[in-house]
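Here's the structure we're looking at; comments come further down.
Read-outs: derived from the displayed coordinates by stated rules, not from any lab. The structure displayed is predicted, hence computed values, not measured ones. Ideal geometry is used to build each Cβ from the backbone, glycine not excepted, and the neighbour counts take in all protein chains shown.
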Amino acid sequence: MNRFVYLQPNKKYQMARDEKLKEDYEKILEILATKFGDGEQLNLDAIIYLIGVQELGKGAIEFKKDDKVNLMHIAICRLLEPFGYYEFDFFDDDGWPHYKVLEELPPLKSGEQTVLIKEAIVLYFKTQELIPN
């Protein structure tokens, strides 16, 4: 069951929405560059990784390669949870969060995936009150 009704937005609304997303995402990039990138902009994967570390809640410790992949998975699940694709399920004995799939992601083109993830990141940072609504 598709939870979203896709209406053809008018161009003016779409452009304003796209501009707001770009503006909010740029604010996030600035904050993260200052805090974690020594002034250098972080790429999308690095931001997803940081969100995974934040959601795990164990701080900046040394992670193995497999752990890094799992951290990114945690972040993706957490980011897409408000969109109805995942739901938090439980913490395992090691304190790692697990999510269950509620709805499979629809097939998206690369650019559409990027926009969805950026929208989810902006929503995450607003929810965490790191940027204003």
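The figures follow:
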| read-out | value |
| --- | --- |
| Set of aspartates and glutamates with alpha-carbon distance to K126 below 18 Å, sequence-local pairs under 8 removed | D18, E19, E23, D24, E26, E30, E55, E81 |
| Estimated distance in nm for a label pair at L44 and K65, the labels positioned 7 Å out from Cα along Cα-to-Cβ | 2.4 nm |
| FRET efficiency, 1/(1 + (r/R0)^6) with R0 25 Å, evaluated for K27 and F83 via beta carbons | 0.75 |
| Extension gain, N133 back to E112 (0.36 nm per residue minus Cα-Cα distance, nm) | 5.3 nm |
| Kyte-Doolittle at least -0.5, axis length at least 24 Å by Cα - qualifying DSSP helices, the chain | 110-127 |
| Rule-of-thumb Rg ratio for the chain [Cα; 2.2 N^0.38 Å; N residues] | 1.12 |
| Cross-link pairs beyond the 31 Å C-alpha cut-off, checked among K22/K64; K20/K64; K27/K58 | K22/K64; K20/K64 |
| Helical contribution to [θ] at 222 nm, DSSP H n ≥ 4, -39,500 (n - 2.57), averaged over the chain, rounded to 500 | -18500 deg cm²/dmol |
| Projected area, mean over directions - the range 63-125, Cα convex hull, nm² | 5.0 nm² |
